[in-house]
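This report concerns only the one structure given below.
The values are calculated or read from the model by the stated rules, or taken from the named source; none is laboratory data. Keep in mind that this is a model prediction, so the values were computed, not measured. Heads up, the Cβs are rebuilt from the backbone with ideal geometry, glycines too, and the neighbour counts pull from every protein chain shown.
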Amino acid sequence: MARHDEKSILLGGIGGQGIVYATTLLAKALFAEGYYVAQLQSYGAEVRGGAVIGWIVYSTQPIVSPFTDVFDTVLVLHQKALEEIEKKKFTYTRLIVENDLVSSTIEADYRYPIHRVAKKLGLEGNENIIALGILAGHGIVSREELRKLLESNKKNIRALEEGVKLVARD
């Protein structure tokens, strides 16, 4: 049973988009903020090109179980991941999607042109970090804690900041 202050975030994409890496960074940032954190991921045997989801449960109290099918925030970078989330019958409060790789018929709370921005700015391969910037822009995780984790990689820091900027334009 989830505690009242427990929150959960799911990141979804396809193999090769760095979903597991982004989920790990998110977990580390939330831990650095003082939360108890549990992290899990799920992906098919094919890995590259197949659906990948990673999720985090975090709380001010110890986590009873990292398993959940209800999420506060779901951020999806590819349609295949959204199909996997729907197949698993996960529910969520807020849905954030990549505008070009997730069907326009999906009702999302927020849509961002993550891949378009990455391509335009020479940040291909850093879409996962742009997604973390979007979460920071929404106040879900500390931008400063993420910056500390990305300190040695200027391209990642630039991608993080671009994600924050996308939210500021809303």
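Please enumerate the residues belonging to the stretch 49-75 that are at pLDDT below 95, within 20 Å of residue 97 (Cα to Cα) and of a type in the set (Phe, Trp, Tyr).
If the condition is that a residue be at pLDDT below 95, within 20 Å of residue 97 (Cα to Cα) and of a type in the set (Phe, Trp, Tyr), then no residue fits.
Which of the residues belonging to the stretch 67-118 are surrounded by fewer than 13 Cβ atoms within 10 Å (Cβ to Cβ), of a type in the set (Ser, Thr, Tyr) and part of a strand (DSSP E or B)?
Selection gives 91, 93.
Among the residues of the stretch 119-137, write down those that are assigned to a helix (DSSP H, G or I) and surrounded by 20 or more Cβ atoms within 10 Å (Cβ to Cβ). Talk me through it step by step, then tell me what you get.
Of all residues in the stretch 119-137, those assigned to a helix (DSSP H, G or I) come to 119-120, 127-137.
Result: 127, 128, 129, 130, 131, 132, 133, 134, 135, 136, 137.
What is the residue count in the stretch 60-93 for residues that are touching a Ser or Thr at 6+ places or on another chain (Cβ under 6 Å), touching a residue at least 40 places away in the same chain (Cβ under 8 Å) and not hydroxyl-bearing (Ser, Thr, Tyr)?
3
Could you tell me whether the stretch 5-28 includes any residue that is in a loop (DSSP other than H, G, I, E, B), at pLDDT 95 or above and within 15 Å of residue 145 (Cα to Cα)?
no
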